[in-house]
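J.: Please find one structure pasted underneath; my questions will follow.
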Amino acid sequence: MASSLKNLSEYSNKNIGDISQKRFGIVVAEWNSEVTDALLKGAYDTLLKHGAKEENIVIKTVAGSYELSLASQWLAERTDIDAVIALGCIIQGQTRHFDFISHAVAIGITEVNLKYNKPVIFGVLTTDNLAQAIDRSGGKHGNKGDEAAITAIKMLFF
Ligand code: RBF
């Protein structure tokens with residue numbers, strides 16, 4: 001995987017500004033919740049660490065990653081939200097659902113970014129197995145939730 005050599009919790013300080021008045025929406029998928037709960041914790045704690053206020057972070061859940069696109073759109077269309085973070089974990093199985101869901105959510109989130117001219121961050125792990133997902137949700141490769149939150153901040157200070 002592309003992320004195998006990168007620690008997802010390491011980042012530069014470039015384009016990181018004052019987010020104390022910024023408002024964030026986080027949408028998290030319940031599928032593979034042992035992983036997505038950790039992604040949510042990473043994203044939430046990273047926003048707070050950089051100065052976001054708890055009352056300025058809206059958290060919503062959806063059943064699976066396929067639902068992230070529409071839920072992200074519902075958050076992105078809100079004028080009181082500056083950036084959206086979509087979190088999910090899609091694990092390769094025996095069916096072709098992996099390809100369909102991964103492709104659909106990647107395209108869907110891209111479209112929401114462009115439609116609302118607002119950062120909507122793709123914080124979705126797509127892995128071969130659960131162990132790889134655990135490694136990337138607070139394990140040896142860091143936490144994609146951290147990376148997603150940092151990416152949201154960096155986009156706000158582009
Ligand atoms: N959602 C995920 O977020 N991650 C998955 O790994 C995942 N795997 C799925 C595998 C199958 C066979 C099915 C039917 C659904 C899966 N979903 C997964 C749920 C999907 O994103 C969506 O919520 C449902 O397909 C809606 O009915």
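The numbers here are math on the coordinates, done by the rules we state, and not lab data. As the structure is a prediction and not an experimental result, all values here were calculated from the model. FYI the Cβ positions are ideal-geometry reconstructions off the backbone, even for glycines, and counts take in every protein chain you see.
J.: Compactness ratio of the stretch 114-158: Cα Rg over 2.2 N^0.38 Å, N = residue count?
T.: 1.35
J.: Rounded if a/c is under 1.5, else prolate if a/b beats b/c, else oblate: with a ≥ b ≥ c from the C-alpha gyration tensor eigenvalues square-rooted, which is the stretch 27-77?
T.: Oblate, since a/c reaches 1.5 and b/c is not below a/b.
J.: Could the peptides 54-61, 80-87 be put in order, highest first, of the mean number of other beta-carbon atoms found within 10 Å of their residues?
T.: 80-87, 54-61
J.: Can you give the calculated 222 nm mean residue ellipticity of the chain, where each DSSP H run of n ≥ 4 adds -39,500 (n - 2.57) and the sum is split over every residue, rounded to the nearest 500 deg cm²/dmol?
T.: That calculation yields -13000 deg cm²/dmol at 222 nm.
J.: Continuing with the same structure: For the cross-link pairs Lys14/Lys60; Lys6/Lys60; Lys41/Lys115; Lys115/Lys154; Lys14/Lys144; Lys53/Lys154, which exceed 25 Å when the distance is taken from alpha carbon to alpha carbon?
T.: Pairs exceeding the cut-off: Lys14/Lys60; Lys6/Lys60; Lys41/Lys115.
J.: A further question follows. How high is the relative contact order of the stretch 67-158? Use alpha-carbon pairs under 8 Å, at least six apart in sequence, and give a whole percent.
T.: 32
J.: Would you please give the FRET efficiency between Val58 and Leu114, computed as 1/(1 + (r/R0)^6) with r the Cβ-Cβ distance and R0 = 22 Å, to the nearest 0.05?
T.: 0.50
J.: Over the Cα atoms of the stretch 26-123, how large are the radius of gyration and the largest Cα-Cα distance (Dmax), in Å?
T.: 13.3, 43
J.: Roughly how far apart, in whole Å, are the Cα centres of the stretch 16-58 and the stretch 121-158?
T.: 12
J.: Placing +1 at every Lys and Arg Cβ and -1 at every Asp and Glu Cβ, with all other atoms neutral, what dipole size does the stretch 8-158 have around its Cα centre, in debye to the nearest 20?
T.: 300
J.: From Cα pairs below 8 angstrom and at least 6 apart in sequence, can you work out the relative contact order of the chain, rounded to a whole percent?
T.: The value is 35 percent.
J.: Which whole-number percent gives the relative contact order of the stretch 1-76, counting Cα pairs below 8 Å spaced six or more residues apart?
T.: The value is 41 percent.
J.: Mind checking which of Gly93, Gly138, Gly64 has the largest fluctuation in a GNM of the chain, springs on alpha carbons under 10 Å?
T.: Gly93
J.: How do the peptides 11-24, 142-155 rank, highest first, by the average count of neighbouring beta carbon atoms within 10 Å per residue?
T.: Descending mean neighbour count gives 142-155, 11-24.
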